[in-house]
Amino acid sequence: MTAAPKQLHLAAHFPDANNTTVWDDPRSGSQIEFSSFEHLARKAERGLFDFFLLAEGLRLREHNGLIHELDVAGRPESLTVLAALAAVTDRLGLAATVSATFNEPCELARRLATLDHLSSGRAAWNVTTSSDALTGENFRRGGYLDPADRYTRAAEFVATARELWDSWTPDGTPRPFAHHGRHFSIEGEFTVPRSPQGHPVVIQTGDSPEGREFAASAADIVFTRHGTPEAGRAFCADVKGRLAKYGREPDDLKIMPGVAVVLGDNDAEARERAAGIRLQQVSPQNAIVALERVWGRDLSSYDPDGPLPVSDPEPASAPSRGRVRHGDSRAVAARWRELSREKGLSIRQTVIEATGRPAFVGSPRAVAAEMAEFVATGAADGFVLVPHLIPGGLDDFVDQVVPLLQERGVFRSAYTGSTLRSHLGIAEPVWKG
Amino acid sequence: MSHLRPLHLAAEIGGPPRYDPAHYTGLARLAERGALDFVTLGDSFARPGPDALAVLSRVAPDTRRIGLVPTVTTTHTEPFHVSSAVATLDWVSGGRAGWCVDVSTTAAEARLFGRRPAAPAAELWREAGEAADVGARLWDSWEDDAEIRDAATGRFLDRDKLHHTDFEGTAFGVRGPAVVPRPPQGRPVTVIDGTADAARETAARHADVVLVRATTPERTAEIRDDVHRRAAAHGRAPGTLRVLAALTVDLGDAESAPEPGLESGPPLAGHGTYYRGGPVDLADLITQWHRTGAVDGFHLTPITPGRDLERIVNGTVALLQHRSLFRTFHPGGTLREHLGLARPANRYARQGARV
C-alpha cells in the first residue's frame with residue numbers, strides 16, 4: 001500500500017489595494033462593495049479553500065508628497081467585513097490582517113474572539129507590524145516604533161492575546177488575568193468566553209530573521225513570498241528547522257506562499273495572457289513611479305519604453321511613503337540594471353520582470369501538476385491565491401483546477417470539519433488556565 | 001390630520017445568549033418586521049459580551065432595512081480604527097449603520113488597557129466629541145466621486161478629491177485621509193445619550209439622534225429644548241436632530257398591567273427609565289408622549305429581549321400602526337432615510353465649490 005500523497009492547503013487573498021489588482025478591465029468590479037467580498041468568499045468556499053484573507057490599510061500611500069493615484073486604493077476594515085462574511089459562508093476560514101503596532105491586546109483579542117464566536121470557529125489573525133511614522137500619524141501613540149521593538153511588541157502582543165483567550169475556563173467561567181511585561185501592563189477580566197477554536201488561528205507575514213523566529217514560536221501559518229521551488233524549499237527548511245526549540249512539530253506550522261495563477265487552454269495561451277496581465281498591472285506611469293521609488297528622485301522625464309538611468313539612486317531619500325520600502329536602494333538599482341542589460345529590457349519591462357509575484361501559468365492540468373509537485377517536494381504546504389480581478393478572479397481556478405487537484409488525490413473533496421483549525425489539521429491549543 | 005412629526009422607534013437587542021449570532025439575527029429581523037428605525041447593541045469593556053460592531057456586521061447580510069447601531073466607546077480605542085469600522089458597517093449593510101458613542105469611565109476599564117488612569121466623565125466626553133468630529137471628517141475625506149478609474153491617464157483616484165483631516169485634538173491627532181472610501185450614507189448616524197450633563201454638550205454638537213432618559217414628558221421636553229439650544233449655538237438646525245426617549249421596558253405577560261407606570265432610576269442594569277406594563281399600555285404611553293411633542297420617538301430596551309421585543313413588535317407597534325401613528329414599512333433603504341435625515345454634504349467638496 002502506498003502512502004497517501006501529501007495534502008495541500010488553499011487560501012485566497014482579496015487582492016491588495018495596489019497594482020496586483022487590474023482595475024481597468026471590463027470585468028473589474030468594486031473593491032469596496034460587500035457583493036465583491038461575498039462573491040470571492042463564496043467561490044473560495046465552493047472550492048473548499050481553507051481560508052479567505054483580507055489585508056489592512058492604515059494610510060493611503062503617497063508619492064512625491066502627494067497621494068498616489070495610479071492604483072486601486074480604498075478598502076473597508078477587515079474584521080468588520082469578515083464578521084459580515086460569516087453570515088454568507090459556513091466553513092471558510094476568515095482571516096484578518098491587523099497590525100500589532102497600532103492596536104491594544106485587550107481590544108483586538110476581544111474583536112478576534114468575537115469573530116471566532118460569530119463564525120463558529122473560523123477566525124484567523126494575520127499579525128503584521130509597522131515601523132512607519134507615516135502610518136503612525138493616524139494614531140494616538142503615533143510616530144515611530146524602533147524596528148527591533150516592532151517584533152518584541154508583536155510577540156508580547158500575541159502572547160498577551162493568548163493569555164486573554166485562556167482567561168475563561170473551558171466551562172465558561174471568567175477569571176481575572178494580569179499581564180505585566182515590557183510593552184503591556186494590564187489586568188482585569190476579559191469579556192469574551194473561550195472561543196470555539198480555543199484561540200483564533202495566527203498567521204505571520206514577513207520575511208526578516210525576526211519574523212521567521214516569531215513565526216516559529218507563535219504562528220500557525222506563514223504567508224510568504226517564496227514562490228519558486230528552490231526558494232520555497234530553503235524557506236521551509238529554515239523556518240520548520242526553528243520549530244523544535246519551541247517544542248513544535250514541522251506540521252504544526254503551515255507555510256503558504258502568495259501566488260498568482262493564470263490559466264489558458266494551453267501553456268502558450270496562458271503565457272500570453274500572463275504577459276498581458278502584467279502589462280495592465282504595470283502601466284507606463286506605474287513603471288516610472290516604481291523607478292522613482294528606488295532611485296529616490298523625479299524621473300518623470302524618462303521614457304518608460306527607454307533604458308534605465310545610469311546614475312545611482314539618491315542616498316536616504318524617500319519619495320514614496322506608506323508601504324514597505326526596498327531595503328538598500330543602490331543594491332536594488334544595480335540588480336535592476338543588470339536585469340535590464342542581460343535581457344535588453346526597457347524601464348517598463350524591467351519593472352514588470354523585477355516586481356512580479358510568483359505565478360503558476362499554464363493549462364489547468366499543468367498548474368495542478370506543478371502545485372502538487374511543489375508541495376510534494378517540501379517547497380510549501382499550500383498556497384494563498386491572489387487573483388488580479390475582483391470579483392470573478394477565483395472562478396476559473398475553482399472550476400477548472402480544484403477538480404484536477406482532487407483527481408490527483410492532493411486536495412480534499414469535502415470539508416471534514418467546520419473550524420479553520422480542522423481544515424488545517426492543527427490542534428486546538430491546550431488551555432493554560 | 002396630525003400635525004405631529006413622524007414617530008421613530010428603536011430597540012436594544014442585547015442580553016443573553018450573548019455569543020450566539022442567531023439570537024441577534026432573530027431579534028433584528030423581528031424589529032425589521034415591525035418597521036423600527038434601528039436596533040442598538042450595547043457594549044462595554046467592563047462586563048461580559050462580544051464586540052457589538054462585529055455582531056451587527058454579522059447581522060447585516062441577514063437583514064435588509066433595519067438600521068444597525070452598535071455602541072462604540074471612544075476612551076481606550078483609536079479614533080481612526082473606530083471611524084474605519086463604522087464606515088465599513090455602513091458599506092456591508094448598504095447604508096444602515098450608526099454608532100452610539102460612549103465613554104469608559106471606570107478604573108477597571110483603564111486597567112484593561114494600562115495606558116492611562118481613569119479620567120472624569122466630562123473630560124472623556126470632550127474626547128468623545130473629538131472622536132465624533134474626526135470620524136465625520138474622515139468620512140468626508142474622500143469626496144463621493146474620488147474614484148475615477150480614468151484609463152486614459154492611468155489614474156484610479158483623483159487626488160484633488162481626497163483630503164487630509166489634519167485633526168489635532170487634546171488627546172490625539174489624525175492626519176488622514178481615511179482608507180475606507182466615503183460610506184453610502186455619507187456619514188453613518190451618530191447616536192449619543194444626552195441625559196447626563198457631562199455628555200449633553202457633545203450630544204448637542206455631534207449627535208444625529210439624542211437619547212434622553214426622563215420620567216415625564218415635561219422633563220424630557222426640558223432636556224430636548226436644552227439640546228436644541230446648544231445645537232443651535234453650534235450652528236446646527238435643531239430640526240436635523242432626532243430626540244428619542246429611552247425607556248427600559250418590562251412588558252410582563254398580559255396585554256395591560258394592573259398598574260402600568262414608570263419608575264425613575266434603573267432598578268436593573270438596563271439604561272433608560274424603567275417602564276412596567278403591558279404592550280397596550282406602552283402604546284398608550286408612546287401615543288401620549290408623542291402627542292405632547294416632547295420627543296421624536298422612543299428607544300426601548302426590553303428587560304427580556306426574546307419575550308419583550310416580540311410583544312413590542314406584535315403588540316405595541318401593531319397598535320401604533322393601527323392608530324396610524326407609525327409606518328407599516330420602511331419607505332427608504334438607509335437609516336438616514338428612516339430617520340428623515342438628509343445625506344450630509346461633504347464639507348471638503350463644499351469648500352472646493354466656494355473657491
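Here, each number is a calculation from the coordinates, and none is a lab measurement. Quick caveat: nothing in here was measured; it's all calculated off a predicted structure. We place every Cβ from the backbone using ideal geometry, glycine too, and count neighbours over all the protein chains shown.
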Exercise. Starting from the Cα of B:ALA118, move 7 Å in the Cα-to-Cβ direction to define the label point; list residues of the range A:157-195 whose amide nitrogen is under 15 Å from there.
Key: A:187-189
Quiz item: For the protein assembly as shown, what does -39500 (n - 2.57) per DSSP helix run (n ≥ 4), summed and divided by total residues, give at 222 nm, in deg cm²/dmol to the nearest 500?
Solution: -11000 deg cm²/dmol
Quiz item: Which of the lysines could be linked to A:LYS254 by a straight reach, that is with a Cα gap under 16 Å, when you skip same-chain ones fewer than 8 residues away?
Solution: A:LYS6, A:LYS240
Exercise. Treat the range B:83-221 as a sphere of radius equal to its Kirkwood radius over Cα pairs and apply Stokes-Einstein at 25 °C in a medium of 0.890 mPa s; give the translational diffusion coefficient in µm²/s, rounded to a whole number.
Key: 145
Exercise. Evaluate 2.2 N^0.38 Å with N set to the residue count of the range A:292-433, then give the Cα radius of gyration divided by it.
Key: 1.50
Exercise. Would you mind ranking B:HIS338, B:HIS81 so that the residue whose beta carbon has the fewest other beta carbons within 10 Å leads the list?
Key: B:HIS81, B:HIS338
Self-check item: Tilt relative to chain B, helix B:197-206 - C-alpha long axis, 0 to 90 degrees, to 10
Solution: 60
Quiz prompt | Net charge, B:ALA87 excluded, C-beta distance under 10 Å - Lys, Arg +1, Asp, Glu -1 | solution = 0
Quiz item: Which value results when the Cα radius of gyration for the range A:87-163 is divided by 2.2 N^0.38 Å?
Solution: 1.22
Quiz item: How large is ³J(HN,Hα), in whole Hz, for each residue of the range A:95-110 in order, when computed from phi with the Karplus curve 6.51 cos²θ - 1.76 cosθ + 1.60 and θ = phi - 60°, using x for Gly and Pro?
Solution: 10, 10, 7, 9, 5, 7, 8, 10, 9, 10, x, 4, 6, 5, 4, 5
Practice problem: May I ask you to evaluate 6.51 cos²θ - 1.76 cosθ + 1.60, the Karplus curve with θ = phi - 60°, for each residue of the range A:118-132 and list the ³J(HN,Hα) values in order in whole Hz, giving x for glycine and proline? | Solution: 5, 10, 6, x, 10, 7, 9, 10, 8, 7, 10, 10, 9, 10, 9
Exercise. Taking amide H positions as placed in the peptide plane 1.01 Å from N, state which residues far from B:ARG242 in sequence (5 or more) or on other chains have amide H under 5 Å from it.
Key: B:VAL209, B:VAL210
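How much of the calculated P(r) for the range B:79-161 lies past 20 Å, in percent of all Cα pairs? The partial results should precede the final answer.
Values: 1797 of 3403 pairs.
Value for the range B:79-161 (Cα pairs over 20 Å): 53 percent.
Kindly work out what percent of the DSSP beta bridges joining two residues of the range A:159-300 are antiparallel, to the nearest 5.
Percent antiparallel among DSSP bridges in the range A:159-300 is about 45.
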Quiz item: How many nm separate the modelled label positions at A:ASP238 and B:ASP253, each set 7 Å beyond the Cα in the direction of the Cβ?
Solution: 7.0
Quiz prompt | Added length on full extension, which subtracts the Cα-Cα distance from 0.36 nm per residue, B:THR216 to B:ALA107 | solution = 35.9 nm
Self-check item: Estimated inter-spin distance, A:GLU407 and A:HIS180, nm [label 7 Å along Cα→Cβ]
Solution: 6.4
Self-check item: Neighbourhood charge, 11 Å Cβ-Cβ cut-off, centred on B:THR304 and excluding it, Lys, Arg +1 and Asp, Glu -1
Solution: -2
Quiz item: In percent, how large is the relative contact order of the range B:97-240, given Cα pairs closer than 8 Å and 6 or more residues apart?
Solution: 21
Exercise. Work out how much length A:GLU230 to A:THR355 would gain on full extension: take 0.36 nm times their residue separation and subtract the Cα-Cα distance, in nm to one decimal.
Key: 43.2 nm
Quiz item: Helix B:21-33 versus the longest principal axis of chain B: what is the Cα-based angle in degrees, 0 to 90, to the nearest 10?
Solution: 80
Quiz prompt | Peptide A:48-60, shielding by other chains (average Cβ, 10 Å cutoff) | solution = 2
Quiz item: How large is ³J(HN,Hα), in whole Hz, for each residue of the range A:411-416 in order, when computed from phi with the Karplus curve 6.51 cos²θ - 1.76 cosθ + 1.60 and θ = phi - 60°, using x for Gly and Pro?
Solution: 9, 4, 9, 7, 5, 9
Self-check item: 5 angstrom amide H check on A:HIS9, placed H, neighbours 5+ away
Solution: A:GLY382, A:PHE383
Quiz item: If the convex hull of the alpha-carbon atoms of chain A is projected onto planes in all directions, what is the mean projected area in square nanometres?
Solution: 21.7
Quiz item: Considering amide H positions built from the backbone, and no H for Pro or chain starts, which residues 5 or more places from B:PHE298, or on another chain, come under 5 Å of its amide H?
Solution: B:HIS8, B:LEU9, B:ALA10, B:ALA245
Practice problem: Please arrange A:HIS39, B:HIS322 by counting, for each residue, the other beta carbons lying within 10 Å of its beta carbon, fewest first. | Solution: B:HIS322, A:HIS39
Exercise. Take the alpha-carbon centre of the range A:271-285, take the same for the range B:154-189, and report the distance between them in whole Å.
Key: 31
Exercise. Please work out the Cα center distance from the range A:1-69 to the range A:97-147, rounded to the nearest Å.
Key: 19
Exercise. Note down the relative contact order for chain A as a percent, whole number, built from C-alpha pairs under 8 angstrom at least six residues apart.
Key: 24
Quiz item: Among the aspartates and glutamates, which have Cα under 18 Å from the Cα of B:LYS161 when same-chain residues fewer than 8 positions away are ignored?
Solution: A:GLU62, A:GLU69, A:ASP71, B:ASP140, B:GLU143, B:ASP144, B:ASP145, B:GLU147, B:ASP150
Exercise. For A:LYS432, list the lysines whose Cα falls under 20 Å from its own Cα; do not include residues on the same chain fewer than 8 positions away.
Key: A:LYS245
Practice problem: Could you give log10 I(q)/I(0) at q = 0.11 Å⁻¹ for the protein assembly as shown, computed by the Debye formula over C-alpha point scatterers of equal weight, without solvent? | Solution: -1.25
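Would you mind ranking B:GLU12, B:GLU78, A:GLU62 so that the residue whose beta carbon has the fewest other beta carbons within 10 Å leads the list?
Fewest-to-most ranking of B:GLU12, B:GLU78, A:GLU62: A:GLU62, B:GLU78, B:GLU12.
If eta is 1.567 mPa s and T is 4 °C, what Stokes-Einstein diffusion coefficient results for the range B:155-264, Kirkwood Rh from Cα pairs, in µm²/s?
This corresponds to a translational diffusion coefficient of 75 µm²/s.
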Exercise. Can you tell me the FRET efficiency between A:ALA334 and A:ALA376 if r is taken as the Cβ-Cβ distance and R0 is 45 Å, rounded to the nearest 0.05?
Key: 0.80
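Shielding by partners for B:157-165, please: the mean number of other protein chain Cβ atoms within 10 Å of each residue's Cβ.
Averaged over the peptide's residues, the number is 4.
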Quiz item: Mind checking the alpha-carbon convex hull of the range B:96-143 and giving the volume per residue in Å³?
Solution: 100
Quiz item: Other chains' Cβ within 10 Å of B:16-29 residues: what's the mean?
Solution: 2
Exercise. Let me know the volume per residue of the alpha-carbon convex hull for chain B, in Å³.
Key: 151
Practice problem: Could you tell me the distance between the Cα centroids of the range A:233-253 and the range A:410-426, to the nearest Å? | Solution: 21
Quiz item: Once both labels are modelled 7 Å past Cα along the beta-carbon direction, what's the A:ASP171-B:THR328 spacing in nm?
Solution: 5.4
Quiz prompt | Estimated D of the range B:57-101 in µm² per second, where Rh is the Kirkwood radius over Cα pairs and Stokes-Einstein applies at 25 °C, 0.890 mPa s | solution = 228
